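Down below is the structure, laid out as structure tokens.
A short reminder: the numbers here are calculations on the coordinates, not readings from a lab. Bear in mind the structure is a predicted one, so any value in this text is a computation, not a measurement. Reconstructed Cβ throughout: ideal geometry from the backbone, glycine too, with neighbour counts over all protein chains shown.
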Amino acid sequence: MSRYVDWAFAAASARRLAPSGPKVEMAEAHEIIEEIRALAAAAHEPVATTAQMVTPPDAPPPLVVDRGLWIDTNARSMSAMLDPVVEKAAGGGMAPSSVARLVGGKLTALEAGGLLAFMSAKVLGQYDIAPGGTPTLMLVAPNMVQVAQELDLVPRDFRFWVCLHEETHRVQFTAVPWLREHVITTVQTLMSEMVPEPGDLPDRLQQAAREIPRLFGGESNGLMEIFATPEQRAQIADLTAVMSLLEGHADVVMDDVGPEHVPTVSTIRQRFEARRKSLGSADKVLRRLLGLDAKMRQYRDGAAFVRGVQEAVGVEGFNAVWTSPHTLPRAEEITDPQAWVTRVHG
């Protein structure tokens, strides 16, 4: 356990706080799990073919999980991602007691548990990059069941639609070996730089207070950004461009594959987009605080970037984006595909 964050307590708190999933009989639950496993396996070939990406044969298969297992896995990944940042801050001159007051202990664990509980009921699938562990694609069965019920969708079609998007993420990270470590290093470096020196904390809190109106005005990527310096915001923007690429590419591949394999794909897309727009006010506030509204922009901006590049240079030309960190889109390019084409292809 970290000296500063009790991740076991965070996971236990999240399990207690997480809402219960949809009610299904045990036999039906087993059938659903087996169907999702089969659909996830079936998604690989059309995704890899459409994306024109080659994955290693020994990549771990997707896992079908419940909310509790999703919570436990993400608590471990958060620990592996954040603990080195905290240790670095402690070794950089901040006394352990000061670090603990800022980011540690039971209070921080409880806050992390609340976040995990909220997200555990929202996430349909996730490629866990697992810093320090084995990356795995997780498909959250109760959430897939619940959303299909709420939107009155054909269950098999919706599950395959989700699998297509999430399998694209698995293909991205397994076909591009350097991508996972690049994302982990970038995030850890950025977060390390964002930990304030003790003497800077009052000024940073005042800055955050001034920036809160931007957060609720839709101009911010969440709480992390309002604590950032201008230089750090530029780094966040570049990281957001990479996340937009990954999400947009998954949406484009899903939409290209969908019509042939998912008969009700147009209904699914229409109702799913309408659901995003009809969230309650409390849910919208929390999503804004967590930067989840920004994630919705990532889908839109990233998909437009991928389509724009592919229209200019084709799928093969687009795949130059996976060559190295230097060919990933920059913040100013994610909304200007031609700028990326000019820089990378000349």
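The gain in end-to-end length when the Val24 to Thr327 segment is fully stretched comes to 104.4 nm, 0.36 nm per residue minus the alpha carbon separation. Working note: Debye formula, equal point scatterers on the alpha-carbon atoms of the range 135-191, no solvent; log10 I(q)/I(0) at q = 0.13, 0.20, 0.31 Å⁻¹ is -0.48, -0.77, -1.18.
Taking 0.36 nm per residue of separation and subtracting the current Cα-Cα distance, fully stretching the chain between Glu35 and Glu273 would add 83.2 nm. Each Lys or Arg adds one and each Asp or Glu subtracts one; over the other residues with Cβ under 9 Å from the Cβ of Ala241, this totals -3.
Highest mean first, the peptides 178-185, 156-163 sorted by other C-beta atoms within 10 Å per residue fall in the order 156-163, 178-185. Once the C-beta distance of Thr186 and Glu150 is scaled by a Förster radius of 41 Å, the resulting FRET efficiency is 0.70 to the nearest 0.05.
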